[in-house]
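Worksheet: the structure to be examined is printed underneath.
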Amino acid sequence: MKFCTNCGSQLEAGDKFCTNCGSAVVTAPKVEEVPEVETPVTPEVEKAVEETPVAPQVEKVVEEEAPVTPEVKEVAEPETKVEPEVEAPVAPESTKTESKINIDKEAVNERVQQTKEYAQSYWNWVKTSVQKPFEAQKSSHPFYGITTFVLFSIIGALFIIIPGRQAFSKFNETTSDYGVGSIMNNPFSIGMFLKLLITIAIVYALYVVIGFLIVKFLSVEDGKVSIFEYTNNFAHFINYTLIFSIVALLMMVLSTQSIINNLDSGVSVPGSLKLVVTLLAIATLGFNTGFLATFFDKNMKFKIDRIYVVMIAQLVVVLIAFILVRYMIVPNVESYTTGLFGDALSSLSDLF
């Protein structure tokens, strides 16, 4: 099969020109075979070949392997030494401890600085709330209200622990005057303080939850309020009562011993105790007023007057507090008191 060298079209056998482009078909010239001519061998050449000496066949010499001695083997095959891994230097325990202490100090310093900033901003918030209680700030820290109720809980627990501890100490002194000595340990300890703190905090939490539910589901305009916002508003209304509570607590601490002595001698109630009771009454009144103020100005969804909403809220709080005291606190106090008097009676029996 031939093809045109110019356009590549297929050519038929015998074509001298391409039928597509008209180019002449180039044919390769035929190469004539040249016959081989044998060279005649003359007698002289044969004689010369016969007289040429033939080299003897070289035999292969097999070299015998010489025995390898251990010394030679050591020289021939040098042992490759493996360099031991170099371990990273380990810092001594003292350095680790120092670095850890430095890190802990930095974390502690940072936490202390954050606590100082929070305390300062909280104090500014309290001062503003005391000056204008009803103008609650919308953009305030979510934990300001919780801090206020924690302070109220601590003050309430101290009002029970401090006079109770001093009265019990007076009781033990009186028994020691009769030669009996201390018949039982003082129950007003840190454990009792923590239990009272938790109990009072639960009562405050009931007020917060009930007020929040009223605002959340019964109010028209505050349906999207969060519990932190409600707690801040509630605390903003009652922060000024902290002043009365703290002053009453300080007076109680300073005059408890004299009050106990006057009660023991049959003297009438001193004026300091009356002032303490008065301050506590003002603080309680302000607390209830602040609780009612959190939802008293709200428009209710249902056709019910806000006065009745306030009464229902108060009844619910009182009912839950009664259940809490009756079925949780009183049994614990009874069992605790029974255990104390049991120890006292056993101590008296050992003495006599």
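The one condition from (1) farther than 20 Å from Ile323 by Cα; (2) at pLDDT 85 or above that Thr199 does not meet is (1). Within segment 118-142, being assigned to a helix (DSSP H, G or I) and either touching a Lys or Arg at 6+ places or on another chain (Cβ under 8 Å) or of a type in the set (Lys, Arg) (or both) holds for one residue alone: Lys127. Look at (1) at pLDDT below 85; (2) touching a Pro at 6+ places or on another chain (Cβ under 8 Å) and you find that Gly290 fails only one, number (1). Looking at the structure I just gave you, is Phe296 of a type in the set (Phe, Trp, Tyr), at pLDDT below 90, under 21 Å from Tyr207 (Cα atoms) and under 40 Å from the mean Cα position of the chain (by Cα)? The answer is yes for Phe296.
Taken over segment 208-235, the criterion of being closer than 20 Å to Asp305 by Cα and either of a type in the set (Gly, Ala, Ser) or part of a helix (DSSP H, G or I) (or both) is satisfied by Ile210, Gly211, Phe212, Leu213, Ile214, Val215, Lys216, Phe217, Ser219, Gly223.
Listed by first and then second residue, the pairs with beta-carbon distance under 9 Å, at least 6 apart or on different chains, first residue in segment 115-135 and at pLDDT below 90, second of a type in the set (A, V, I, L, M) and surrounded by 14 or more Cβ atoms within 10 Å (Cβ to Cβ), are Pro133/Ile238; Pro133/Ala293; Phe134/Ala293. Answer yes or no: is there a residue in segment 249-264 that is buried (at least 19 other Cβ atoms within 10 Å of the Cβ), out of contact with any strand residue (DSSP E or B) (no Cβ under 8 Å at 6 or more places or on another chain) and at pLDDT 80 or above. Looking through segment 249-264, at least one residue is buried (at least 19 other Cβ atoms within 10 Å of the Cβ), out of contact with any strand residue (DSSP E or B) (no Cβ under 8 Å at 6 or more places or on another chain) and at pLDDT 80 or above.
The values are calculated or read from the model by the stated rules, or taken from the named source; none is laboratory data. All values reported here derive from a predicted model rather than from experimental measurement. Note that we place each Cβ from the backbone using ideal geometry, even for glycine, and neighbour counts take in every protein chain shown.
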